[in-house]
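What follows is a single structure, written as structure tokens, with notes after it.
The values are calculated or read from the model by the stated rules, or taken from the named source; none is laboratory data. Note that this is a predicted model, so its numbers are computed, not measured. Heads up, the Cβs are rebuilt from the backbone with ideal geometry, glycines too, and the neighbour counts pull from every protein chain shown. Heavy atoms of the whole protein, side chains included, go into the accessibility calculation; ligands, DNA and RNA do not. Shrake-Rupley method; radii C 1.70, N 1.55, O 1.52, S 1.80 Å.
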Amino acid sequence: MSAAPRIGVLALQGDVREHVLALESAGAFAVRVTDEPMLGTVDGLVIPGGESTTMSKLALRDGLMEPLRERRQDGLPMYGSCAGMIMLADRVLDARPDQETIGGLDITVRRNAFGRQVDSFEIDLPMPAIGPADFRAVFIRAPWVEAVGTQVEVLGALATGSAAGTIVAVRQGNLLATSFHPELAGDGRIHDYFVRIVRRLA
Ligand code: GLN
């Protein structure tokens with residue numbers, strides 16, 4: 001692989017542009033993925049935040065769900081943020097009945113888990129895998145991780161507040177997921193970490 005890996009952002013719906021910019025800052029060559037031929041060209045894929053039910057519907061409509069599953073099974077590194085985390089989860093609570101996921105991450109997530117009062121919030125999150133300083137995590141109608149399989153590494157759990165202990169960042173092999181939105185934080189360490197996963201350096 002060349003020095004700059006080619007990383008796609010699934011561009012069906014959601015905050016695609018912010019991820020493109022964050023990936024470019026992390027030294028990747030970022031492209032928008034809207035179809036199967038384009039999916040075939042990338043070394044890694046980001047699934048952005050947005051609305052997982054809509055993303056699922058569009059992926060099915062555009063015939064992308066199966067190609068996404070196949071590339072994931074072939075080992076394509078994927079990083080899902082918020083709705084993207086839901087898209088990578090094997091099990092979703094409070095899903096819409098017709099909602100499907102790419103799957104691959106042996107986790108159970110709950111959609112919109114933090115409830116009305118705290119629809120959106122920011123918190124300092126310890127995440128030792130990306131460095132000693134806390135990450136300023138932005139949550140927007142976020143899912144949380146309710147259960148993880150034995151192969152799943154927990155990268156981040158809330159350290160303070162009423163939801164302390166809640167898992168919000170995980171990794172399983174080449175799959176990375178966060179409940180929150182690092183592309184909005186002005187801190188590139190999670191995108192850097194994903195680029196290292198794609199380059200097999202992390
Ligand atoms: N609540 C959204 C969902 O279920 C996720 C929100 C987000 O991605 N910011 O898909």
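May I ask you to give the percent of accessible area on the stretch 1-152 that is carbon plus sulfur, with a probe radius of 1.4 Å?
After summing per-atom areas, the C and S share lands at 48 percent.
Just how large is the dipole of the stretch 104-202 about the Cα centre, in debye to the nearest 20, putting +1 at every Lys and Arg Cβ and -1 at every Asp and Glu Cβ?
Computed about the Cα centre, the dipole is about 240 debye.
Quick one: check the C-alpha center-to-center distance for the stretch 97-163 versus the stretch 1-65, whole angstrom.
Rounded to whole Å, the Cα centres lie 21 Å apart.
The stretch 112-142: which chymotrypsin sites (Phe, Trp or Tyr not before Pro) are DSSP loop and have at most 13 other beta-carbon atoms within 10 angstrom? Each step should come with its number before you reach the end.
Details: sites: Phe114, Phe121, Phe135, Phe139; in loops: Phe114.
Sites meeting the loop and neighbour criteria: none at all.
Hey, what number do you get for the chain at 222 nm if only DSSP H runs of n ≥ 4 count, each worth -39500 (n - 2.57), divided across all residues, to the nearest 500? Show your work: numbers first, answer last.
Values: 6 runs with 49 residues, N = 202.
Only helices count here, giving -6500 deg cm²/dmol.
Return one whole number: the accessible area per residue of the chain in Å², for a 1.4 Å probe.
With the other protein chains kept in place, the chain gives 43 Å² per residue.
So, with +1 on the Cβ of K and R and -1 on the Cβ of D and E, and no other charges, what is the size of the charge dipole of the chain about its Cα centre, to the nearest 20 debye?
Here the size comes out at about 100 debye.
Have a look at the DSSP beta bridges in the chain and tell me what percent are antiparallel, nearest 5.
Here the antiparallel bridges make up roughly 50 percent for the chain.
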